[in-house]
Structure formats: structure tokens, C-alpha cells
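S.K.: Starting off with a structure, shown below.
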Amino acid sequence: MIVPWSQKDYPHSWKNLDKHVRDKAIEIGNALIEEQGYEEGRAIAIATEQAKKTVNLSSNRPIFHITTHVNGWQLKKEGQDRAVFVENTKQSLADKAKPHVTKQNGVLVIHREDDTIEQTLYES
């Protein structure tokens, strides 16, 4: 069977991805199509998201979470118990957290009140 994508021939939407993310997307996308029988468009979307998550988790970039706190909202670095910042409102915390996370070259995961993930920023 012919492999749909390679490092020289891949979907246009992957051209601006970081090389490591793109290579992982190619690997995942090919597996989805060849082994799982996915349609190309769906495989591209899934492979893109999974590759970003895989590469970012395997990198040594710090991950920060905005979650609820008894006094409002908190920013915590993954793996640490103490909050970096605590604010009354989610928006005021996000405004304070974004420059901090960017300075740390980190990933910011913003949670809803029920702790589900609302948004992930600075993944790639």
C-alpha cells in the first residue's frame, strides 16, 4: 500500500507546523488512514491535534493551568501544589497569567468551573 504522506509530500495545512509536530502528524495521519480506514480530511484534523499534544507533552515546556480556587481563580504550574497567582475573576487572572506563561515558554490550559478544558494556548 502507498503511504499517503511523507516529509516532502504532506497536506498544505501542515506546511507552517513546527518540523517535529509535522513529522508526528505525518506518522499519525498515515496510521489513521492505513490502519483505521479514516477519510483523509478527518485524518488530517485528528493527526494535527494529536501531533501538537504529543510533541508538546514530550517537550520540556512547563504547563500551567487556570482553575477554580477558594478565593476565585488560580494559576498553577503542573506538578506543583502552590498557586503562582490567585485572582478574583478568571479574566483578571488570564490577563496576568498570559505574559507570565509566555515568558516561561509554557503552555496555558484554561479550565471551566467544572474543570473541563475550555482552551489551550501557546501549544506550538
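Please treat every number below as a calculation from the coordinates, not as lab data. Predicted model, so just to flag it, every value in this text is computed and none were measured. With ideal geometry, Cβ positions are generated from the backbone for all residues, glycine too; neighbour counts draw on all protein chains shown.
S.K.: Tell me the angle of helix 40-58 to the major Cα principal axis of the chain, expressed in degrees between 0 and 90 and rounded to the nearest ten.
M.R.: That works out to roughly 50 degrees.
S.K.: Taking amide H positions as placed 1.01 Å from N in the peptide plane, with prolines and chain starts having none, which residues 5 or more places from residue 5, or on another chain, fall under 5 Å of its amide H?
M.R.: none
S.K.: With angles folded into 0 to 90 degrees, how steeply does helix 90-103 sit against the dominant principal axis of the chain? Use alpha carbons for both and round to 10.
M.R.: That works out to roughly 60 degrees.
S.K.: P(r) of region 12-58 in 5 Å steps, Cα pairs, percent per bin?
M.R.: Over region 12-58, the share of Cα pairs per 5 Å bin runs 5, 27, 34, 21, 12, 2 percent.
S.K.: Based on Cβ point charges of +1 for Lys and Arg and -1 for Asp and Glu, what charge dipole magnitude is obtained for the chain about its Cα centre, in debye rounded to the nearest 20?
M.R.: Using only the charged Cβ atoms, the result is roughly 600 debye.
S.K.: I would also like to ask the following. Can you tell me the 0 to 90 degree angle between the C-alpha axis of helix 19-36 and the longest principal axis of the chain, rounded to 10?
M.R.: 60
S.K.: What is the P(r) of the chain, as percent of Cα-Cα pairs per 10 Å bin from 0?
M.R.: Percent of pairs per bin, in order: 13, 36, 24, 19, 8, 1.
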